[in-house]
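What follows is one structure encoded as structure tokens, with my remarks underneath.
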Amino acid sequence: MGIRQRLLRSSRHDRAAIWANEPVGGEERHEVVILGGGNAGVSLAGRLARYGIRDVTVVEPKERHLYQPFFSHIAGGTADPALAVRAQAEVMPDGVLWIRDAAVDVQPGRKVVVLASGRRVRYGQLVVCPGLRLDWDAVPGLAEAIQTPDVASNYDFDLAQKAWPLLRDLRQGTAIFTSPSGPVTCGGAAQKPMYLACDHWRQQGVLANIRVVLVVPTPTVYGAPIVDEELNRKIAEYGIELLTESELTAVRAAEHSITVHNRATGHNEELTYDVLHVVPPQSARDWLKETDLPAIGDASGFVEVDPETLQHRRYPSVWSLGDSAATRNSKSGAALRKQTTVLAKNLRAVLRDRTPTSRYDSYSACPFTVSRSTVVFAEFDDRYQPKPSLPWKGLAREHRATWVLERNVLPWVYWNLILKGRA
């Protein structure tokens, strides 16, 4: 069969006409298929559409699109939840086909994606970016505890909304904030609600009545020296107890207690809490681990790509970026913005029978909201060495101006430029 035109419509906007191949032998085919409709998938699709690539398809089952950097502000009471969510149909780029389904398998030898509905989609080029899985079952008792009234997390949209009333209304007792080892999307986000809550408690005159404990798996509070310096200063200012090289290993919700294991000493410490804010362990999607896309013998499940070109090492028609890719950088939205540009340029080159030459330099960044009006904006490479991209001396110091950037400017840029492939 030939080529046919499909006109997509959403409830709010008429979408532009796009072109796609008719199904052949029970399978349809698209030039570029992107698995995942989050930041990575949508922003890449927008950039490819701007490059004139006409047959781009995004596979994403969810009906709403979430701006995850705002989860910390929601949990800390500095943003309304409505500001972090839009309909998925609204953010899909013009001219891009959206398949409302979930990937469950990739067969790179046959260049086929299998969807949950049983639908099979052939691809010319495949981009894998379904994000990470929150593994609540990895810590004994955590899955049960997160359902109780006093445990929340800023890594889930609904749980972030649960967090702020718990933190806001605490007047005395113990608040514990934990971060896991292993891959974490925007690892610094684990600490942000803590600083926002401490500033609130200080303003309310109750900070001295609250024991605040931060549990991190790293030898220092974060790992980048200039950032550690600033965060340690805020930790001392708020009177926070910092447990380094430590990790949550068990939760007993009925007793309001947890076990924290210190990996350096081998010692276990039992702590009780009034409020527990936890970031769950994270991993690649289970279905992705079962494909041939991870490195041979690698159980982590991350897609084996060249960390600079983002092209698969064994299957040149497969690419990955963001949280699903086995790159060296700290996983973050800032890293993703750089990766999107590199991957789009390389994919365009391949589609034009050219050699991909664009390179990702392992850049990443994390804005730490260290008070309700200031931010420490950290930029670094895969070795956590400073990698500034803005001509602003002392950017990694606490500033009010970077609060405006992180809280007001970047969300606008995300919705209006990044998702449209323009930034």
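The values are calculated or read from the model by the stated rules, or taken from the named source; none is laboratory data. Small disclaimer: the values here were computed from a predicted structure and weren't measured. Here the Cβ positions follow ideal geometry from the backbone for every residue, glycine too, while neighbour counts run over all protein chains shown.
So that you can scan it fast, the table gives a plain yes or no per residue for (1) of a type in the set (A, V, I, L, M); (2) touching a helix residue (DSSP H, G or I) at 6+ places or on another chain (Cβ under 8 Å); (3) buried (at least 17 other Cβ atoms within 10 Å of the Cβ):
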position: Ala116; (1), (2), (3): yes, no, no
position: Tyr123; (1), (2), (3): no, no, yes
position: Ile146; (1), (2), (3): yes, yes, yes
position: Ser153; (1), (2), (3): no, yes, yes
position: Trp164; (1), (2), (3): no, yes, yes
Taking the criterion of being without any contact (Cβ under 8 Å) to a residue 60 or more places away in the chain and among the hydroxyl-bearing types (Ser, Thr, Tyr), would at least one residue in the stretch 375-387 satisfy it? no
If you go through Val342, Val409, Val375, Val350, the only one that is at pLDDT 95 or above and more than 30 Å from Arg86 (Cβ to Cβ) is Val350
Out of (1) more than 22 Å from Tyr67 (Cα to Cα); (2) touching a residue at least 12 places away in the same chain (Cβ under 8 Å); (3) among the charged types (D, E, K, R), the one Arg133 does not meet is (1)
With the first residue restricted to the stretch 278-302 and required to be crowded, with 19+ Cβ neighbours inside 10 Å, and the second required to be modelled with pLDDT of 95 or more and hydroxyl-bearing (Ser, Thr, Tyr), Cβ contacts under 6 Å at 6 or more apart or on different chains are Val278/Ser153; Val278/Thr178; Val279/Tyr155; Val279/Ser179
When restricted to Arg110, Arg120, Arg133, the only residue modelled with pLDDT of 95 or more and either hydroxyl-bearing (Ser, Thr, Tyr) or within 22 Å of Asp323 (Cα to Cα) (or both) is Arg133
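Could you please give the count of residues in the stretch 265-311 that are basic (Lys, Arg), part of a loop (DSSP other than H, G, I, E, B) and out of contact with any Lys or Arg (no Cβ under 7 Å at 6 or more places or on another chain)?
Within the stretch 265-311, the subset basic (Lys, Arg) is 285, 289.
Going one step further and asking which of them are part of a loop (DSSP other than H, G, I, E, B), we end up with 285.
From what is left, the residues that are out of contact with any Lys or Arg (no Cβ under 7 Å at 6 or more places or on another chain) are none.
Selection size over the stretch 265-311: 0.
Determine whether the stretch 153-164 contains at least one residue that is modelled with pLDDT of 95 or more and either in a strand (DSSP E or B) or more than 23 Å from the chain's Cα centre (by Cα) (or both). Lay out the reasoning, then the answer.
Pass one, the stretch 153-164, residues modelled with pLDDT of 95 or more: 153-164.
Add one more test, that the residue is either in a strand (DSSP E or B) or more than 23 Å from the chain's Cα centre (by Cα) (or both), and what stays is none.
There is no residue in the stretch 153-164 that is modelled with pLDDT of 95 or more and either in a strand (DSSP E or B) or more than 23 Å from the chain's Cα centre (by Cα) (or both).
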Here the residues within the stretch 252-272 that are touching a strand residue (DSSP E or B) at 6+ places or on another chain (Cβ under 6 Å) and among the polar types (S, T, N, Q) are Ser257, Thr259, Asn262, Asn268, Thr272
Checked the stretch 182-209 for anything among the small types (Gly, Ala, Ser) and either in contact with a helix residue (DSSP H, G or I) (Cβ under 6 Å, 6 or more places away or on another chain) or at pLDDT 95 or above (or both); matches are Ala189, Ala197, Gly205, Ala208
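Restricted to the stretch 191-206, and to residues that are hydrophobic (A, V, I, L, M, F, W, C) and buried (at least 17 other Cβ atoms within 10 Å of the Cβ), which residue is farthest from Pro180 (Cα to Cα)? Spell out how you get there, then give the answer.
Quick first cut of the stretch 191-206, residues hydrophobic (A, V, I, L, M, F, W, C) only: 194, 196-198, 201, 206.
With the extra rule that they be buried (at least 17 other Cβ atoms within 10 Å of the Cβ), the set shrinks to 194, 196-198, 201.
Numbers: Met194: 15, Leu196: 20, Ala197: 20, Cys198: 21, Trp201: 25 Å.
Among those that are hydrophobic (A, V, I, L, M, F, W, C) and buried (at least 17 other Cβ atoms within 10 Å of the Cβ), it is Trp201.
Where in the stretch 312-396 are there strands (runs of 3 or more DSSP E), lying wholly inside it, with at least 2 residues that are more than 30 Å from Trp164 (Cβ to Cβ) and not acidic (Asp, Glu)? Even if it seems obvious, please write down each step before you answer.
On the way: elements: 318-320, 364-369, 375-380.
Because the criterion is at least 2 residues that are more than 30 Å from Trp164 (Cβ to Cβ) and not acidic (Asp, Glu), the strands (runs of 3 or more DSSP E) in the stretch 312-396 that meet it are 318-320.
Could you identify the single residue in Leu419, Leu410, Leu405 that is without any contact (Cβ under 8 Å) to a residue 60 or more places away in the chain and of a type outside the set (D, E, K, R)?
Numbers: Leu419 fails: without any contact (Cβ under 8 Å) to a residue 60 or more places away in the chain; Leu410 fails: without any contact (Cβ under 8 Å) to a residue 60 or more places away in the chain.
Selected residue: Leu405, the only one of Leu419, Leu410, Leu405 that is without any contact (Cβ under 8 Å) to a residue 60 or more places away in the chain and of a type outside the set (D, E, K, R).
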Here the qualifying pairs (Cβ atoms under 7 Å; residues six or more apart or on different chains; first in the stretch 164-185 and assigned by TED's automatic domain parsing to the domain that holds Ala145 and farther than 11 Å from Glu247 by Cα; second of a type in the set (Val, Ile, Thr) and surrounded by fewer than 19 Cβ atoms within 10 Å (Cβ to Cβ)) come out as Arg171/Val206; Gln172/Val206; Thr174/Thr272
Within the stretch 264-299, of all residues that are of a type in the set (Gly, Ala, Ser) and within 17 Å of the chain's Cα centre (by Cα), the one farthest from Val42 (Cα to Cα) is Ser283
Just one listed residue, out of Ser371, Ser324, Ser330, Ser362, is crowded, with 19+ Cβ neighbours inside 10 Å, closer than 22 Å to Glu31 by Cα and of a type in the set (Ser, Thr, Tyr), and it is Ser324
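Of everything in the stretch 228-249 that's touching a helix residue (DSSP H, G or I) at 6+ places or on another chain (Cβ under 8 Å) and touching a residue at least 60 places away in the same chain (Cβ under 8 Å), which residue is farthest from Glu144 (Cα to Cα)?
At the first step, the residues of the stretch 228-249 found to be touching a helix residue (DSSP H, G or I) at 6+ places or on another chain (Cβ under 8 Å) are 234, 238-240, 242, 248.
From what's left, touching a residue at least 60 places away in the same chain (Cβ under 8 Å): 234, 248.
Working: Lys234: 33, Leu248: 15 Å.
Among those that are touching a helix residue (DSSP H, G or I) at 6+ places or on another chain (Cβ under 8 Å) and touching a residue at least 60 places away in the same chain (Cβ under 8 Å), it is Lys234.
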Being buried (at least 20 other Cβ atoms within 10 Å of the Cβ) and either more than 25 Å from the chain's Cα centre (by Cα) or not in a helix (DSSP H, G or I) (or both) narrows Val227, Val212 down to just Val212
Residues of the stretch 66-88 being over 17 Å from the mean Cα position of the chain (by Cα) and small (Gly, Ala, Ser), in sequence order, are Gly76, Gly77, Ala79, Ala82, Ala87
Exception for Ala75 within (1) within 30 Å of Thr374 (Cα to Cα); (2) in contact with a Lys or Arg (Cβ under 7 Å, 6 or more places away or on another chain) falls at (2)
